[in-house]
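A short worksheet on the structure shown next.
Values quoted throughout were computed directly from the atomic coordinates according to the rules given, and no laboratory measurement underlies them. Being a predicted model, the structure only gives us computed values, none of them experimental. Note that each Cβ is placed from the backbone with ideal geometry, even for glycine, and that neighbours are counted across all protein chains shown.
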Amino acid sequence: MKKKFVNAKIYRNDSAAEIMVEDGQITQIGTNLPKGEEEIDLKGKLVMPPYVDPHLHLDYVYTLTELGQEGAGSGTLFEAIELWPKFKETLTVESVKRLAMKGIKDEVSQGVQHIRTHIDVTDPNFTALKAMLEMKEELKDIVDIQIVAFPQEGMYMYKGGRDLVEEALKMGADIVGGIPHYEPAREFGEKSVHDIVELALKYDKLIDVHCDETDDPHSRFLELLNALVYMEDYGSRSTASHTCSFGSADDSYAFRMMDIFKKSNLNFISCPTENAYLQGRQDTYPKRRGLTRVKEFIESGINVAFAQDSINDPWYPMGNGNMMNILDNGIHLAQIMSPEEVETNFDLITYNGARCLNIQDSYGLEVGKQANFIVLDESSVYEAIRKRVDVLASVRNGNFLFRRREPEYEIPLEL
Ligand code: FE2
């Protein structure tokens with residue numbers, strides 16, 4: 001059946017207002033297209049590819065509530081990592097799936113269709129990984145899930161951690177993860193970065209490292225990761241998540257590094273709400289913001305995306321899967337609100353995330369691609385961001401995943 005979506009205000013495409021869909025694929029995009037068998041009026045609302053959340057911990061979502069009082073720590077990253085192992089022992093495949101489903105629902109119901117999740121594999125039973133491999137398959141019609149084999153407790157801080165990551169890759173994880181700043185000494189952090197790149201090359205997997213998630217400007221595992229992927233020509237398949245310490249690095253060092261990031265094509269993910277909450281905890285005043293150099297990356301043409309990271313877990317008590325909230329916080333913390341910056345701010349939760357996920361060839365509103373898109377409750381980019389508007393509808397393979405009505409007012413709210 002030919003479905004024609006009309007009257008769309010397409011993000012970053014002023015020359016088209018209609019999308020023709022057949023068998024779930026976009027067959028035409030433009031204006032004055034032939035008649036469809038079904039016509040859907042999008043009423044001039046902003047249409048863009050689905051939100052991408054490129055960094056989320058689906059095996060942690062809602063565990064803070066499950067932990068009760070015990071989970072309510074003082075709010076540092078390392079304290080949360082210490083709390084986790086006790087809880088991890090109680091997990092079952094069913095319990096992981098039950099909570100993860102709540103997090104997925106939060107995200108999908110607000111316009112996300114692509115999630116990259118880090119799954120803790122420092123667990124010889126691989127309980128969470130087994131659960132997530134099942135969910136990835138079961139939910140593929142509503143959301144694409146990529147799984148990072150993430151050694152939360154370290155490749156060396158945790159006995160046998162490196163080998164567990166390798167086993168997880170054999171079991172079907174898509175991406176090699178790591179946490180070098182948590183390893184017991186710099187030497188082991190560096191060793192883990194070498195391991196990450198070697199494993200990715202050996203198993204033909206992507207890379208996404210929790211890298212330098214600390215305010216310590218001496219934490220420079222990013223430098224090594226970038227050098228290794230540069231030399232292997234693997235930067236576009238690799239991502240450095242967080243890189244908070246790079247926000248505290250000396251400018252002369254940072255600008256030298258950004259020059260090499262450009263050459264390597266390494267991707268970056270910043271988690272603005274999470275890191276604004278976790279970082280700067282040892283600072284008195286001024287307190288650092290915890291963010292990497294998002295503005296400078298954008299200005300230098302280095303790919304950077306925003307992510308949710310946590311929903312109600314020992315690391316972060318808030319979070320609700322609303323990428324507009326992440327974008328709003330991110331553009332404040334990174335100070336990117338000039339008219340030119342606003343025009344492309346949505347890239348931070350759409351196209352840039354897709355590049356981190358390496359799905360840029362299949363993602364976006366173009367002929368031949370899957371008809372996946374969202375409809376926002378505004379027609380201009382600026383107004384949508386300023387008002388933090390909701391997603392009115394999410395379309396996947398040409399079908400509505402959900403549709404919301406605009407509110408109707410009993411009392412007229414206009415003069
Ligand atoms: Fe994370």
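On a 0 to 90 degree scale, rounded to 10, what angle separates helix 127-138 from the longest Cα axis of the chain?
20
In degrees from 0 to 90, rounded to the nearest 10, what is the angle of the helix 221-231 Cα long axis to the longest principal axis of the chain?
Roughly 70 degrees between the two axes.
Only Lys, Arg, Asp and Glu count, each charged at its Cβ (+1, +1, -1, -1), so figure out the dipole size of the chain about its Cα centre, rounded to 20 debye.
My answer is approximately 400 debye.
Could you tally the net charge around Val21, taking each other residue with its Cβ under 10 Å from the Cβ of Val21, Lys/Arg +1 and Asp/Glu -1?
On the way: positive: Lys2, Lys3, Lys4; negative: Glu22, Asp23, Glu38.
Every neighbour counted, the sum reads 0.
If R₀ is 22 angstrom, what is the calculated FRET efficiency for the pair Glu187 and Phe78, using the beta carbon separation as r and rounding to 0.05?
Working: r = 19 Å, r/R0 = 0.88.
About 0.70, to the nearest 0.05.
Report the label-to-label distance for Val367 and Arg405 in nanometres (one decimal), using points 7 Å from each Cα along the Cα→Cβ vector.
My value for the distance between the label points is 3.8 nm.
Can you list, bin by bin at 10 Å, the percent of alpha carbon pairs in the range 1-88, starting at 0?
14, 30, 11, 11, 20, 12, 0
If one takes the longest principal axis of the Cα atoms in the chain, at what angle in degrees, from 0 to 90 and to the nearest 10, does the Cα axis of helix 77-88 lie?
Here the helix axis deviates by roughly 90 degrees.
Over the range 49-171, what number does the Rg to Rh ratio reach, with both radii from the alpha-carbon atoms and Rh per Kirkwood? Kindly include the intermediate steps, with their values, before the conclusion.
Details: Rg = 14.4 Å, Rh = 14.9 Å.
My calculation puts Rg/Rh at 0.96.
Sort 178-189, 197-208, 377-388 by the packing proxy (mean of other Cβ within 10 Å over each peptide's residues), most packed first. All intermediate terms of the calculation are to be shown ahead of the outcome.
On the way: 178-189: 20.5, 197-208: 18.8, 377-388: 16.2.
Descending mean neighbour count gives 178-189, 197-208, 377-388.
Using a ≥ b ≥ c from the Cα gyration tensor of the range 294-415 (square roots of the eigenvalues), is it rounded, prolate or oblate, where a/c under 1.5 gives rounded and otherwise the larger of a/b and b/c decides, a/b for prolate?
Working: a/c = 1.44, a/b = 1.19, b/c = 1.21.
It comes out rounded by the Cα gyration axes.
Using bins 20 angstrom wide from zero, how does P(r) for the chain break down, in % of all Cα pairs?
27, 57, 15, 0
By average Cβ neighbour count within 10 Å, what is the ranking of 394-403, 269-278 from highest down? Can you show the working numbers first?
On the way: 394-403: 17.8, 269-278: 25.6.
Top of the packing list down: 269-278, 394-403.
Can you give the local net charge around Met257? Use residues other than it whose beta-carbon is closer than 15 angstrom to its beta-carbon, Lys and Arg +1, Asp and Glu -1. Let's see the in-between values first.
Working: positive: Arg220, Arg256, Lys262, Lys263, Arg293; negative: Asp212, Glu223, Asp250, Asp251, Asp259, Glu296, Glu299.
In short, -2.
How many percent of the alpha carbon pairs in the range 143-247 exceed a separation of 24 Å?
Values: 816 of 5460 pairs.
Value for the range 143-247 (Cα pairs over 24 Å): 15 percent.
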